[in-house]
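I have placed the structure first, in the form of structure tokens, so that the comments after it can refer back to it.
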Amino acid sequence: MKYSSLLLLMIIFLACKQSDDTTLTPSTNTSSIDISVLKTKFSGTSVTATVEGDYLVIRSNGIPDHKSPYFAKTDTRYEAYNGSNSKFSINPNSILEQTLVFKIPLHPTKSSSVAATPLGPIGVSLNGIPFFNQYAGPNQPLTNEINSFDQYLGHPQQTGQYHYHQEPAYLTTKNGKAAFLGLLLDGFPVYGPLENGKAVTNADLDNLHGHSHATTEFPEGIYHYHITDADPYINGSGFYGTAGTVSK
């Protein structure tokens, strides 16, 4: 009888301990994530967001909602470079209208294997401007290309597609450096370079440039990427989830 009582007490103790441990772990169960809550965050004359089947579909003409030296000097959106990079040198390209359609999984989940981010758009920011990865070309760092980034840290490539490789300075000035700034193609959100009042460093993130916990938009927890001031800036060695598509 004494042994039975001891066994019962041990079972109760272990059950309570397991219950306590569970409550200490924030929920980041991606199976219940629905990113349609982000639809209204994408706004402006150049971008729209709609839910279509299992996708959040974001359409953009690729024109930034801020000025740039990459508009023609006769254009009212032209603004001479007034940033802090003393080595700035404008590249020969100009901003041209695009037809961009991002089909992003509405219920993003962790992928069983990591797919590398491609050259070209790897995601989309709140103003419809694509995010690009940390390369100027195949395995070519941004070392020299950075000097062609305008005062809002973007520039156009050969076909006139304006994009950000680094922090979209216009958006962080407008919305705050801790704000939600856009999505990568796998459906997981991108946040700015501040979190809980502190600068996020690469050491705070995993090799894909993200981590999991609650955010303002996802209080139950979600994997998310952060922009930092050092390579790889937006994304590391691949997508955390399965990427959707972008047509252009």
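The values are calculated or read from the model by the stated rules, or taken from the named source; none is laboratory data. Since we're looking at a predicted model, the values are computed, not measured. Quick reminder, even Gly has a Cβ in these numbers, built from the backbone with ideal geometry, and neighbours come from all protein chains shown. Please note that ligands, DNA and RNA were not included when accessible areas were found on the heavy atoms of the full protein model with its side chains. Shrake-Rupley method; radii C 1.70, N 1.55, O 1.52, S 1.80 Å.
Overview of results
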{"read-out": "Whole-Hz couplings from phi, Karplus 6.51/-1.76/1.60, listed for region 173-187; x for Gly and Pro", "value": "5, 6, 10, x, 6, 9, 6, 5, 10, x, 10, 8, 5, 7, x"}
{"read-out": "Per-residue SASA entry for residue 195, accessible area with 1.4 Å probe, Å² rounded to 10", "value": "40"}
{"read-out": "Solvent-accessible area, 1.4 Å probe, carbon plus sulfur percent, for region 111-239", "value": "52"}
{"read-out": "Helix-only mean residue ellipticity at 222 nm for the chain, each DSSP H run of n ≥ 4 adding -39500 (n - 2.57), per residue, nearest 500", "value": "-4000 deg cm²/dmol"}
{"read-out": "Using alpha-carbon coordinates, inclination of helix 2-24 to the longest axis of the chain, degrees", "value": "10"}
{"read-out": "Residues with amide H under 5 Å from that of residue 226, placed H, sequence gap 5 or more", "value": "191"}
{"read-out": "Karplus 3J(HN,Hα) series, Hz, for region 119-133 with 6.51 cos²θ - 1.76 cosθ + 1.60 (x for Gly, Pro)", "value": "5, x, x, 10, x, 9, 8, 4, 9, x, 8, x, 8, 10, 7"}
{"read-out": "For region 39-97 versus region 118-137, the gap between their alpha-carbon centres in whole angstrom", "value": "12"}
{"read-out": "At q = 0.16, 0.17 Å⁻¹, base-10 log of I(q)/I(0) for region 76-208 (Debye sum, equal scatterers on each alpha carbon)", "value": "-0.94, -1.06"}
{"read-out": "Linear extension gain, residue 72 paired with residue 216, 0.36 nm per residue minus alpha-carbon span", "value": "47.9 nm"}
{"read-out": "Pairwise FRET efficiency - residue 85 versus residue 174, Cβ, R0 = 25 Å, nearest 0.05", "value": "0.75"}
{"read-out": "Surrounding net charge for residue 60, when Lys and Arg each add one and Asp and Glu each subtract one, Cβ distance under 12 Å", "value": "0"}
{"read-out": "Phi to ³J(HN,Hα) by Karplus 6.51 cos²θ - 1.76 cosθ + 1.60 over region 81-93, Hz, x for Gly, Pro", "value": "4, 9, x, 9, 8, 5, 9, 4, 9, 5, 7, x, 8"}
{"read-out": "Distant-in-sequence amide H partners of residue 106 (H built 1.01 Å from N, under 5 Å)", "value": "55, 56"}
{"read-out": "Reachable lysines, given that their alpha-carbon falls under 24 Å from the alpha-carbon of residue 248 and they are not under 8 places away in the same chain", "value": "39, 41, 67, 103"}
{"read-out": "Amide H contacts of residue 195 (H built 1.01 Å from N, under 5 Å, at least 5 apart or other chain)", "value": "200"}
{"read-out": "The chain, accessible area per residue, ligands and nucleic acids excluded (1.4 Å, Å²)", "value": "52"}
{"read-out": "Rounded accessible area of residue 212 (nearest 10 Å², 1.4 Å probe)", "value": "50"}
{"read-out": "Cut-off 12 Å between beta-carbons: net charge of the residues surrounding residue 211, Lys and Arg +1, Asp and Glu -1", "value": "-3"}
